[in-house]
Amino acid sequence: MSDFLDSRGDVAQWQALLREAGRLRGIELDEELESYLVFTLMRWLRRPEMAQRVLALEFLEALQQQARQRDERLRDVGDQCLLFSGLFPQRAERRRVRISYYVDLGRGAYRNLSEGIGELARLFGRLAEEFVPAMDVLQSIRAVGGEPSGMTALQALELWSDTGSQTARAELSRHGAVEPIIMGEAPSRRH
């Protein structure tokens, strides 16, 4: 996947890739969210040190910082959680956590940012609310490149039951899983 991603460095190519990935899942991100994703991808994917961070610790440390530094660190946590859950779900397995761990942590970071004063507060509120569809679009990038999602059948089932992820549900079908039935609250209500 890295060769595929590295060859798509400019804004127009990233936009086209995100739109195609969204079409695969029937998800259309509005211009604001799409632009945020494009610039997040461009900002983070060429930074290998991203993989070395312990995001829960980063989140807690960010909450202790002064306003500006706090906001920057929370945005970094939210962005990295979005990228890990969307592009690198196998990282969760290596860390022995569910993919939804990154979803919940990322949503929390963006939600904290949405409580601030300023023009970006609304955007971060939307990112908290639209985290799962944005993650689904990112996960679908692999399908555009002809690759599997990187999720195991168990990860797909957990992610679908935890978040209602459309991509996880499609991945269950790819693995030949039967239609899962979740007792209690329907997963689609969680995002």
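Working carefully through the options E158, E171, find the one that is of a type in the set (D, E), out of contact with any Leu (no Cβ under 6 Å at 6 or more places or on another chain) and under 26 Å from V38 (Cβ atoms). Matching residue, one of E158, E171: E171. Checking each residue in region 73-105 for being over 25 Å from S35 (Cβ atoms), among the basic types (K, R) and either surrounded by 19 or more Cβ atoms within 10 Å (Cβ to Cβ) or in contact (Cβ under 8 Å) with a residue 60 or more places away in the chain (or both) picks out only R98. Identification of helices (runs of 4 or more DSSP H) wholly contained in region 71-129 with 2 or more residues that are at pLDDT 90 or above yields 99-114, 120-129.
Annotation note: Cβ proximity below 8 Å between a residue of region 25-50 that is at pLDDT 85 or above and a residue that is among the charged types (D, E, K, R) and not in a helix (DSSP H, G or I) (sequence gap 6+ or interchain) occurs for L29/E130; L33/E130. Taking region 67-95 only, how many residues are within 14 Å of P133 (Cα to Cα) and among the aliphatic types (A, V, I, L, M)? Qualifying residue count, region 67-95: 3.
Close contacts from region 110-131, counting a first residue that is at positive phi and a second that is buried (at least 17 other Cβ atoms within 10 Å of the Cβ) and in a helix (DSSP H, G or I), with Cβ to Cβ under 9 Å and a gap of 6+ residues or different chains, come to G118/D71.
Considering only region 21-34, state which residues are assigned to a helix (DSSP H, G or I) and either in contact with a Leu (Cβ under 9 Å, 6 or more places away or on another chain) or closer than 13 Å to S140 by Cβ (or both). A21, G22, R23, L24, R25, E32, L33, E34, listed by residue number. Scanning region 109-127 for residues being crowded, with 18+ Cβ neighbours inside 10 Å and either over 21 Å from D30 (Cα atoms) or among the hydrophobic types (A, V, I, L, M, F, W, C) (or both) gives a total of 5.
Considering only residues that are among the β-branched types (V, I, T) and part of a helix (DSSP H, G or I), look in region 152-170 and name the one that is surrounded by the fewest Cβ atoms within 10 Å (Cβ to Cβ).
For region 152-170, the residue satisfying everything is T163.
Step by step: first the residues of region 168-181, then only those that are out of contact with any Ser or Thr (no Cβ under 6 Å at 6 or more places or on another chain) and not aliphatic (A, V, I, L, M), then the one that is modelled with the highest pLDDT. Which residue is that? The extreme case among them is R169.
The values are calculated or read from the model by the stated rules, or taken from the named source; none is laboratory data. Here the structure is a predicted model, which is why all the values come from computation and not from measurement. A quick note on method: Cβ atoms are made from the backbone with ideal geometry, for glycine too, and the neighbour counts reach across all protein chains shown.
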